[in-house]
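Read through the structure below, which is laid out as structure tokens, and then see the notes.
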Amino acid sequence: MWWLGRTGPSGFSASSTAQEVTQGIDATGLTAIVTGATSGIGVETARVLALRGVHVVMGIRNMAAGREIKENMLRDNSTAKVDMMELNLSSLESVRKFASQFKSCGLPLNILVNNAGIMATPFKLSKDNIELQFATNHIGHFLLTNLLLETMKQTAIEQRKEGRIVNVSSRRHKLSYPEGIRFDKINDESGYNSLSAYGQSKLANVLHANELARRLKTEGIKITANSISPGPIATNLFRYHSLMDVFVGLLGKYVMKNIQQGAATTCYVALHPQVKGLTGHYFADSNLAEASSQAVDPELAKKLWEYSSNLVKS
């Protein structure tokens, strides 16, 4: 039923695919990191970016799965430039190791797609004693972005090309806990709700992009930072909720986007000329969209930045 979606100002709609929104774009010479590129929209994002000429570095946990995906990409596109490096976003040590290895390669970095994520997991703490969804979906990407920012700045200056950072959020950022970010209760198991905690982490993705955009604009750096919602997609994110998993399996193809449609907004914001110069925005269905009132609160964004900075330091 997604073909019923109305076309927005961009000329695209909810039914547009990643290949369609990047049709005719030559991105040869650009380098991108895509996290979580072994499943769901991460795979399709990496594939389509490579199809358009981008040198894609996949930041992934499962290297065996990554090798298979890389082989498939090269089989379908023999000129694709695809590399992979191990990355576990729930571990700050792994994030630091990944960033160090990437920088040691001497590669430029034009595009950073913070895509990896987990959804509605049972309560668990990460290796660094941070609630797992908040750790994986936000804190890991917050640290990764900070560690790679100088490389992106240098690339933007040397190549005179705009850098782009894309945080993959969700419509569920509007359904966080009532206070938005539970700064004093991140690790409170007694008040934990798996879906609210997911919404909290996705709200953090939007706030992170907004505050990063503000800071980059203040510096006069030609790097944009935006957040996106891929929309409802039939992926394995629902595996922790049996009823939803059954629903997705039976009816998902009729009421949800497919993977190709789900990756469209990410690829649109990462590559399309229409997005040039736009920063600190939230996109859905390859068009500008309205985020929640909490997501556009500049004071909440600043508070989250300071809170996240202290977490990665400790």
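The values are calculated or read from the model by the stated rules, or taken from the named source; none is laboratory data. Since this is a predicted model, take the numbers as computed values, not measurements. Using ideal geometry, Cβ is built from the backbone for each residue, glycine included, and neighbour counts are taken over all protein chains shown.
When only residues in the range 43-56 that are in contact with a strand residue (DSSP E or B) (Cβ under 6 Å, 6 or more places away or on another chain) and part of a helix (DSSP H, G or I) count, which is surrounded by the fewest Cβ atoms within 10 Å (Cβ to Cβ)? Write out each step before concluding.
At the first step, the residues of the range 43-56 found to be in contact with a strand residue (DSSP E or B) (Cβ under 6 Å, 6 or more places away or on another chain) are 45-46, 49-50, 54-56.
Retained after the next criterion (residues that are part of a helix (DSSP H, G or I)): 45-46, 49-50.
Values: Thr45: 31, Ala46: 34, Leu49: 31, Ala50: 24.
Ranking the candidates gives Ala50 first.
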Within the set of pairs 6+ apart or on separate chains, which have a first residue in the range 109-136 that is more than 27 Å from Leu49 (Cα to Cα), a second that is part of a strand (DSSP E or B) and hydrophobic (A, V, I, L, M, F, W, C), and C-beta atoms under 7 Å apart? Glu131/Leu125; Leu132/Leu125
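Assigned to a helix (DSSP H, G or I), polar (S, T, N, Q) and surrounded by 20 or more Cβ atoms within 10 Å (Cβ to Cβ): is that true of Gln133 in this structure?
Details: assigned to a helix (DSSP H, G or I): yes; polar (S, T, N, Q): yes; surrounded by 20 or more Cβ atoms within 10 Å (Cβ to Cβ): yes.
Against the criterion (assigned to a helix (DSSP H, G or I), polar (S, T, N, Q) and surrounded by 20 or more Cβ atoms within 10 Å (Cβ to Cβ)), Gln133 qualifies.
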Kindly establish whether Leu125 is surrounded by fewer than 21 Cβ atoms within 10 Å (Cβ to Cβ) and in contact with a Gly (Cβ under 7 Å, 6 or more places away or on another chain). no
If we ask which residues in the range 153-177 are of a type outside the set (D, E, K, R) and not in a helix (DSSP H, G or I), their number turns out to be 9
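Run down Val82, Val57 and say which single residue is within 23 Å of Thr265 (Cα to Cα) and over 17 Å from the mean Cα position of the chain (by Cα). First the steps, then the outcome.
Working: Val57 fails: over 17 Å from the mean Cα position of the chain (by Cα).
When all the criteria are applied, what remains is Val82.
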Would you check if there is a residue in the range 58-70 being within 25 Å of Ala213 (Cα to Cα), modelled with pLDDT of 95 or more and not acidic (Asp, Glu)? yes
How many residues are of a type in the set (Gly, Ala, Ser) and over 21 Å from Lys70 (Cα atoms) when one looks only at the range 15-37? 3
Go through (1) touching a residue at least 60 places away in the same chain (Cβ under 8 Å); (2) buried (at least 16 other Cβ atoms within 10 Å of the Cβ); (3) not β-branched (Val, Ile, Thr) and name the single condition Arg172 misses. (1)
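Being basic (Lys, Arg) and assigned to a helix (DSSP H, G or I) is the filter; apply it to the range 189-224 and report the residue that is nearest to Asn114 (Cα to Cα). Spell out the reasoning first.
Pass one, the range 189-224, residues basic (Lys, Arg): 202, 214-215, 217, 222.
Cutting the leftovers down to assigned to a helix (DSSP H, G or I) gives us 202, 214-215, 217.
Values: Lys202: 12, Arg214: 18, Arg215: 18, Lys217: 20 Å.
Filtering the range 189-224 for residues that are basic (Lys, Arg) and assigned to a helix (DSSP H, G or I), the one nearest to Asn114 (Cα to Cα) comes out as Lys202.
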Quick one: Ser78 ticks every box in (1) of a type outside the set (Phe, Trp, Tyr); (2) out of contact with any Lys or Arg (no Cβ under 7 Å at 6 or more places or on another chain); (3) buried (at least 17 other Cβ atoms within 10 Å of the Cβ); (4) assigned to a loop (DSSP other than H, G, I, E, B) except a single one, so which number is it? (3)
Can you pull out every residue in the range 1-21 that is touching a helix residue (DSSP H, G or I) at 6+ places or on another chain (Cβ under 8 Å) and either surrounded by 24 or more Cβ atoms within 10 Å (Cβ to Cβ) or assigned to a helix (DSSP H, G or I) (or both)? Trp2, Ser16, Ala18, Gln19, Glu20, Val21
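For the subset of the range 183-195 comprising residues that are out of contact with any strand residue (DSSP E or B) (no Cβ under 9 Å at 6 or more places or on another chain) and closer than 24 Å to Val296 by Cβ, which member is surrounded by the fewest Cβ atoms within 10 Å (Cβ to Cβ)? Steps first, answer last, please.
The initial filter retains those residues of the range 183-195 that are out of contact with any strand residue (DSSP E or B) (no Cβ under 9 Å at 6 or more places or on another chain), namely 183-184, 190, 194-195.
This time we only want the ones that are closer than 24 Å to Val296 by Cβ, so: 183-184, 195.
Numbers: Phe183: 12, Asp184: 9, Leu195: 16.
Among those residues, the one meeting the criterion is Asp184.
Could you tell me how many of the residues in the range 263-278 are of a type in the set (Gly, Ala, Ser), part of a helix (DSSP H, G or I) and surrounded by fewer than 24 Cβ atoms within 10 Å (Cβ to Cβ)?
Initially, the range 263-278 is screened for residues of a type in the set (Gly, Ala, Ser), giving 263-264, 270, 277.
Now restrict to residues that are part of a helix (DSSP H, G or I): 264, 270.
Still in the running and surrounded by fewer than 24 Cβ atoms within 10 Å (Cβ to Cβ): none.
Of the residues in the range 263-278, 0 are of a type in the set (Gly, Ala, Ser), part of a helix (DSSP H, G or I) and surrounded by fewer than 24 Cβ atoms within 10 Å (Cβ to Cβ).
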